[in-house]
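Input: a single structure, listed below in structure tokens.
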Amino acid sequence: MTPTFQQAVRTALKDAQLQTALDRGTTRSYNARLVAMAETTDAAALRRQARLARERALNRLPELLEELERNVIANGGHVLWARDAHELNQHVIALCKQHGVRRVIKGKSMVTEESELNHALEAEGIEVTESDLGEFIIQLAGERPSHIIAPMLHKTKEATARLLHEKLGMPLTDEPEAMTRFVRGVMRQKYLEADMGISGVNFAIAETGTIVTVENEGNNRLSISAPRVHVAVMGIEKVIATWEDFAVLVQLLARSATGQRLSVYNNLISGPRRPGEPDGPEHFYLIIMDNGRGRIFGTEYTESLACIRCGACLNACPVYQNIGGHAYGWVYPGPIGSIISPLLLGPTRAPALPYASSLCGACQAACPVEIAIPDLLLKLRRDLVQAGDPSLGWRVGMRVWAWMFRSPRLYRWGGKLAAWLTRLLADRAGRVRRLPPPFNGWTESRDFPVFGAPSFRERYAKRLREAQHADGVNGAH
């Protein structure tokens, strides 16, 4: 977790390449979602159905997870449970040793970003290659994804071309099709050499023990079917009850994420390859990870677990549109990340994120499952206030503020002093462009208005005196 969110924001705002990439990427995705949702017969009803599907799953979460486990085992697979990120990594390492795995091909997975699985495997001498185009480029760059759906949203095509040229010797080109074709040629051999394929899980359907991965490139399908071992990893919240629920949610995932009516590949996996089947892995393992989700379940933040990781709230958010994903400091950026990160890491690990929002509501308007993101952000702010800010400056400042506000006389003279100081600092336009420390944080990004003179209290007292005088005059007559 980045300790200095404010510094990361300032850096992002000054990065011209990042600003160009964000403008291109978020604008395109935001508009595509609007068009795709407008094509539905009743977008509001579809979102409501999706919300109910996620509520049904969360209301029965323990029961559905047990049902999922039973059906995965019945299909010939194995289920492992991970309490936290470390245990998930240990499970995967143990499976690699059990099956003699030296090379891993990996599809996009936010859960493995949480656990930093790639680093754990590489420390064991196991080669890991990301198969998603965006993730592969990010891996080459040694960076984290900056978007839930589009991990390289922060990169322009020009920067991507330079990276591929430097790392892989690709002839320089600014054509995305040529870059994709070049990377595809590199990746084909990786699929054939891999001993294990690792994938995320978009949905896990409890009633049949089926896991679903949704993609557009076909890389996940190859990662799942070409190696002899397939390991799927998911958070406990990814389980849903029925195929009917999946039919609703998959429509909204594609429309909200990329503006498509349906993603190109929807891979449905129910265990390993069966006798007589030509394709598929010999062994299938599903790892279900908690990593703090159990602490959220059953609290007033439970609905945050309904997120289907479409990224629509990021594209709609004016904050994300200007600072990108890396400024948020961890795996989950944007409005939903400002909720999930403090809940999973603990509020003191990410105290700035609940405030990284104007509470404009654009995120909730875009969310396909109607998560009340602004309400949850306000609740997190409340929790942070109740927990107390550990910094000495904040504690002293609040005590001084409380002392002054308890005294009418101090309050009155404080107002007079503030009015005098702001008039002294104001420019010819009557705006304060720079406040002295510790108040300069405000004027780093906005002007400060001059205190009114006379103050409201003085105006009110004058009006009251005038009214009393008028009553006295009228009474005399």
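The values are calculated or read from the model by the stated rules, or taken from the named source; none is laboratory data. Not measured: the values here are computed from a predicted model. Cβ: placed from backbone, ideal geometry, glycine included. Neighbour counts: every protein chain shown.
If you scan the stretch 392-429, which residues turn out to be part of a loop (DSSP other than H, G, I, E, B) and under 20 Å from residue 443 (Cβ atoms)? Even if it seems obvious, please write down each step before you answer.
Quick first cut of the stretch 392-429, residues part of a loop (DSSP other than H, G, I, E, B) only: 406-407, 426-429.
Selection gives 426, 427, 428, 429.
Tell me, which residue of the stretch 438-465 that is of a type in the set (Ser, Thr, Tyr) and part of a helix (DSSP H, G or I) is nearest to residue 398 (Cα to Cα)?
Taking the stretch 438-465 and keeping what is of a type in the set (Ser, Thr, Tyr), we get 443, 445, 455, 460.
Keeping just the survivors that are part of a helix (DSSP H, G or I) gives 443, 460.
On the way: 443: 20, 460: 28 Å.
Here the answer is 443.
Out of everything in the stretch 154-175 that is touching a Ser or Thr at 6+ places or on another chain (Cβ under 8 Å) and not aliphatic (A, V, I, L, M), what residue ends up being surrounded by the most Cβ atoms within 10 Å (Cβ to Cβ)?
Looking only at the stretch 154-175, we keep the residues that are touching a Ser or Thr at 6+ places or on another chain (Cβ under 8 Å), and these are 154, 156, 161.
Then keep just the ones that are not aliphatic (A, V, I, L, M); that gives 154, 156.
Values: 154: 26, 156: 17.
If we take residues in the stretch 154-175 being touching a Ser or Thr at 6+ places or on another chain (Cβ under 8 Å) and not aliphatic (A, V, I, L, M), then 154 is surrounded by the most Cβ atoms within 10 Å (Cβ to Cβ).
Results for (1) more than 28 Å from residue 210 (Cβ to Cβ); (2) assigned to a helix (DSSP H, G or I); (3) assigned by TED's automatic domain parsing to the domain that holds residue 238; (4) out of contact with any Ser or Thr (no Cβ under 9 Å at 6 or more places or on another chain), shown as yes or no for each residue.
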site: 33; (1), (2), (3), (4): no, yes, yes, no
site: 36; (1), (2), (3), (4): no, yes, yes, no
site: 44; (1), (2), (3), (4): yes, yes, yes, yes
site: 50; (1), (2), (3), (4): no, yes, yes, yes
site: 53; (1), (2), (3), (4): no, yes, yes, no
site: 63; (1), (2), (3), (4): no, yes, yes, yes
site: 71; (1), (2), (3), (4): no, yes, yes, no
Criterion first (surrounded by 16 or more Cβ atoms within 10 Å (Cβ to Cβ), aromatic (Phe, Trp, Tyr) and more than 26 Å from residue 85 (Cα to Cα)) does residue 246 satisfy it?
yes
Tell me, please, whether a residue that is free of Cβ contacts under 8 Å to residues at least 40 places away in the same chain, part of a loop (DSSP other than H, G, I, E, B) and not assigned by TED's automatic domain parsing to the domain that holds residue 256 can be found in the stretch 322-336.
no
Restricting the stretch 452-477 to residues that are under 30 Å from residue 432 (Cα atoms) and aliphatic (A, V, I, L, M), the residue that is modelled with the highest pLDDT:
461
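Please work out if residue 105 is crowded, with 16+ Cβ neighbours inside 10 Å, assigned by TED's automatic domain parsing to the domain that holds residue 185 and free of Cβ contacts under 8 Å to residues at least 60 places away in the same chain.
For residue 105, the condition - crowded, with 16+ Cβ neighbours inside 10 Å, assigned by TED's automatic domain parsing to the domain that holds residue 185 and free of Cβ contacts under 8 Å to residues at least 60 places away in the same chain - is not met.
Given the criteria surrounded by 19 or more Cβ atoms within 10 Å (Cβ to Cβ) and of a type in the set (A, V, I, L, M, F, W, C), does residue 53 qualify? Quick ask: steps written out before the conclusion?
On the way: surrounded by 19 or more Cβ atoms within 10 Å (Cβ to Cβ): yes; of a type in the set (A, V, I, L, M, F, W, C): yes.
For residue 53, the condition - surrounded by 19 or more Cβ atoms within 10 Å (Cβ to Cβ) and of a type in the set (A, V, I, L, M, F, W, C) - is met.
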I need a count of the residues in the stretch 271-324 that are closer than 29 Å to residue 10 by Cβ and among the polar types (S, T, N, Q).
4
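How about the stretch 206-225: which of its residues are crowded, with 23+ Cβ neighbours inside 10 Å, hydrophobic (A, V, I, L, M, F, W, C) and more than 18 Å from residue 136 (Cα to Cα)? First the steps, then the outcome.
Within the stretch 206-225, the subset crowded, with 23+ Cβ neighbours inside 10 Å is 206, 209, 211, 213-214, 219-220, 223-224.
Checking the rest, the ones that are also hydrophobic (A, V, I, L, M, F, W, C) come to 206, 211, 214, 224.
Answer for the stretch 206-225, where residues must be crowded, with 23+ Cβ neighbours inside 10 Å, hydrophobic (A, V, I, L, M, F, W, C) and more than 18 Å from residue 136 (Cα to Cα): 206, 211.
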Exactly one of these conditions fails for residue 435: (1) in contact (Cβ under 8 Å) with a residue 12 or more places away in the chain; (2) in a helix (DSSP H, G or I); (3) of a type outside the set (Phe, Trp, Tyr). Give me its number.
(2)
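Condition check: of a type in the set (A, V, I, L, M), without any contact (Cβ under 8 Å) to a residue 40 or more places away in the chain and part of a helix (DSSP H, G or I). Does residue 121 satisfy that? Give the derivation first.
Numbers: of a type in the set (A, V, I, L, M): yes; without any contact (Cβ under 8 Å) to a residue 40 or more places away in the chain: yes; part of a helix (DSSP H, G or I): yes.
Yes; evaluated as a whole, the condition is true for this residue.
Per-residue answers, yes or no, for (1) surrounded by fewer than 19 Cβ atoms within 10 Å (Cβ to Cβ); (2) closer than 21 Å to residue 4 by Cβ; (3) modelled with pLDDT of 95 or more; (4) not aromatic (Phe, Trp, Tyr):
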site: 280; (1), (2), (3), (4): yes, no, no, yes
site: 302; (1), (2), (3), (4): yes, no, yes, yes
site: 313; (1), (2), (3), (4): no, no, yes, yes
site: 319; (1), (2), (3), (4): no, yes, yes, yes
site: 350; (1), (2), (3), (4): no, yes, no, yes
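Condition (residue is acidic (Asp, Glu), in a helix (DSSP H, G or I) and more than 18 Å from the chain's Cα centre (by Cα)) applied to the stretch 129-150: is it met by at least one residue?
Checked against the condition, which is being acidic (Asp, Glu), in a helix (DSSP H, G or I) and more than 18 Å from the chain's Cα centre (by Cα), the stretch 129-150 yields no hits at all.
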Across the stretch 174-220, the tally of residues that are more than 29 Å from the chain's Cα centre (by Cα), in a loop (DSSP other than H, G, I, E, B) and among the aliphatic types (A, V, I, L, M) stands at 1
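Could you identify the single residue in 334, 292 that is at positive phi, surrounded by fewer than 24 Cβ atoms within 10 Å (Cβ to Cβ) and modelled with pLDDT of 95 or more?
On the way: 334 fails: surrounded by fewer than 24 Cβ atoms within 10 Å (Cβ to Cβ).
On inspection, the qualifying residue turns out to be 292.
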Residue by residue through the stretch 315-329, note down the ones that are closer than 24 Å to residue 263 by Cα and in contact with a Cys (Cβ under 8 Å, 6 or more places away or on another chain).
316, 317
